[in-house]
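Trainee: First, the structure itself, so that you have it in front of you.
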Amino acid sequence: MLKEFSVFTDTATLSVFDIDAVKHRVPDSPDWWTIEENEILEVNKGNIAFLGLGADGDYIVKVSESVEGEAGTLNLHFPSGNVFIGAGEDTSGGDLEPDESDVIEGETLSFAPGYYSMKYSRAGNVIELCFEPTRERYNSVEEPVRI
C-alpha cells in the first residue's frame, strides 16, 4: 500500500482531482459540483472524479498498487501532479482550494504529471484507489458515480 488516511465527509462524497485541473472552478460557487450537469461535465473531461458514498461519515482511503474487486474506473488528467483526495466539500470553489489547514478533510499526494486510470472499490467504510498511467483522458459517464 502506498498511502492510507481517514476522511470525514458531510456531503457523502469523495473527490479526486489535480489542483490545476479544476483551477477554473475556484471562482465558481463552493458547491458548483452539486449541480449534476457540472459534475458530469468535469468528470467526462477527466478533470475530477466524484465518488458518491451514500452516507456522511468517516471513511478510510487506501491508495494501493492494485484494487481487488474494482467497482469501476475513471480517467483523470493530472497536469501538475498535486492531487487532492478527500471530502467533496473541500473541492475547489468559492474562491478556495484545498490546502494544508486542519479543516481540510483529505490528503494532497504527488504524482508525475500525466493521464491516469483510477480504479476504485469499496468495502464498508474503506475506499480503495489505484492509479495507473494511461493515454486516455476522457470519460463517458451519463450519471453521477455512486459506490
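The values are calculated or read from the model by the stated rules, or taken from the named source; none is laboratory data. From a predicted model like this one, the values you see are computed outputs, not experimental measurements. All Cβ positions, even for glycine, are placed from backbone atoms using ideal geometry, and neighbour counts span all protein chains on display. For the accessible areas, the whole protein counts, side chains as well, though only heavy atoms, and no ligand, DNA or RNA atoms are used. Shrake-Rupley method; radii C 1.70, N 1.55, O 1.52, S 1.80 Å.
Trainee: Express the carbon and sulfur contribution to the solvent-accessible surface of the chain as a percent, rounded to the nearest whole number, probe 1.4 angstrom.
Mentor: The computed percentage sits at 46.
Trainee: Tell me which label goes with the value of Kirkwood radius over Cα pairs in Å computed from the coordinates here: [x] 16.1; [y] 14.9; [z] 15.4.
Mentor: Among [x] 16.1; [y] 14.9; [z] 15.4, the one derived from this structure is [y].
Trainee: Say each of L2 and E65 gets a label point 7 Å from the Cα, pointing the same way as Cα to Cβ; how far apart are those two points in nm?
Mentor: 1.1 nm
Trainee: How far apart, in nm, are the 7 Å Cα→Cβ label points at I35 and D10?
Mentor: About 2.4 nm, to one decimal.
Trainee: Tell me, what is the per residue accessible area of the chain in Å², probe radius 1.4 Å?
Mentor: Heavy-atom accessible area per residue stands at 49 Å².
Trainee: Within the set of other residues whose C-beta is less than 13 Å from the C-beta of E128, count the net charge using Lys and Arg as +1 and Asp and Glu as -1.
Mentor: 0
Trainee: Output the relative contact order of the chain, whole-number percent, from Cα pairs under 8 angstrom with separation of 6+ residues.
Mentor: About 35 percent, as a whole number.
Trainee: Can you tell me the dipole magnitude for the chain around its Cα centre, using point charges on the Cβ only (Lys, Arg +1; Asp, Glu -1), in Debye to the nearest 20?
Mentor: In total the dipole reaches around 600 debye.
Trainee: Straight-line reach only, C-alpha to C-alpha below 16 angstrom: list the aspartates and glutamates that K23 could link to, leaving out same-chain residues fewer than 8 apart.
Mentor: Candidates past the 8-residue exclusion: D31, E39, E42, E89, D90, D95, E97, D99.
Trainee: Also, I was wondering about something else. Could you compute how much accessible surface K23 exposes when probed at 1.4 Å, giving the result in Å² to the nearest 10?
Mentor: Here the residue's solvent-accessible area equals roughly 90 Å².
Trainee: Determine the shape class of the range 42-129: with a ≥ b ≥ c the square roots of the Cα gyration tensor eigenvalues, call it rounded for a/c under 1.5, and otherwise prolate if a/b is greater than b/c, oblate otherwise.
Mentor: Oblate, because a/c is 1.5 or more while a/b does not exceed b/c.
Trainee: While we're on this one: Based on a Kirkwood Rh over C-alpha pairs, give the Stokes-Einstein translational diffusion coefficient of the range 44-85 at 37 °C and viscosity 0.692 mPa s in µm²/s.
Mentor: D = 257 µm²/s.
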